[in-house]
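All remarks here apply to the structure that follows.
The values are calculated or read from the model by the stated rules, or taken from the named source; none is laboratory data. Keep in mind it's a predicted model, so treat the numbers as computed, not measured. Cβ placement follows ideal geometry from the backbone for every residue including glycine, while neighbour counts extend to all protein chains displayed.
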């Protein structure tokens, strides 16, 4: 009897999931200049079918149970921890965070990220302008968040094409 009830409920559940809600249109991927200017950008999450807008005007990457947001201003990078809905969460208690800088010309460098209130911060060496980042943030909860940001301003898990980063 219980199996019959589940079988009858399945078509209703499937209908609710396909009720005609169209997936969000993918937003344009920001350019290096828009990243430097700190303009608001959005990136489509193809898996979830929704758009996440960066609350601090940066680039959002999936990272563990939540997201990380990268904001660039000149040679300064800021990393904001976000929840699974791309909303800000407390940075209190974060220690040992780092970003591995992969310049397109030169050797990789590890930059320690310093806690600055609600975000983490580091300075990219002078002269390095074209690079990608692998960011690791050990959250106070014990969760380890890892996010990748490429030189074109894309974030892993949020681009809509099949190109490799």
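Between a residue in segment 92-109 that is free of Cβ contacts under 8 Å to residues at least 40 places away in the same chain and any residue that is loosely packed, with under 14 Cβ neighbours inside 10 Å and part of a strand (DSSP E or B), which pairs come within a Cβ distance under 6 Å, given they are 6 or more apart or on different chains?
Note: pairs meeting the criteria are 98/110; 98/112; 100/110.
Can you find even one residue in segment 83-96 that is in contact with a strand residue (DSSP E or B) (Cβ under 8 Å, 6 or more places away or on another chain), at pLDDT 95 or above and under 19 Å from residue 132 (Cα atoms)?
No: segment 83-96 contains no residue that is in contact with a strand residue (DSSP E or B) (Cβ under 8 Å, 6 or more places away or on another chain), at pLDDT 95 or above and under 19 Å from residue 132 (Cα atoms).
Checking residue 49 against (1) at pLDDT below 90; (2) surrounded by 12 or more Cβ atoms within 10 Å (Cβ to Cβ); (3) at positive phi, which single condition isn't satisfied?
Single failed check for residue 49: (2).
Mind listing whichever residues of segment 80-129 are under 18 Å from the mean Cα position of the chain (by Cα) and either loosely packed, with under 12 Cβ neighbours inside 10 Å or part of a loop (DSSP other than H, G, I, E, B) (or both)?
83, 84, 85, 86, 87, 89, 90, 91, 94, 97, 113, 118
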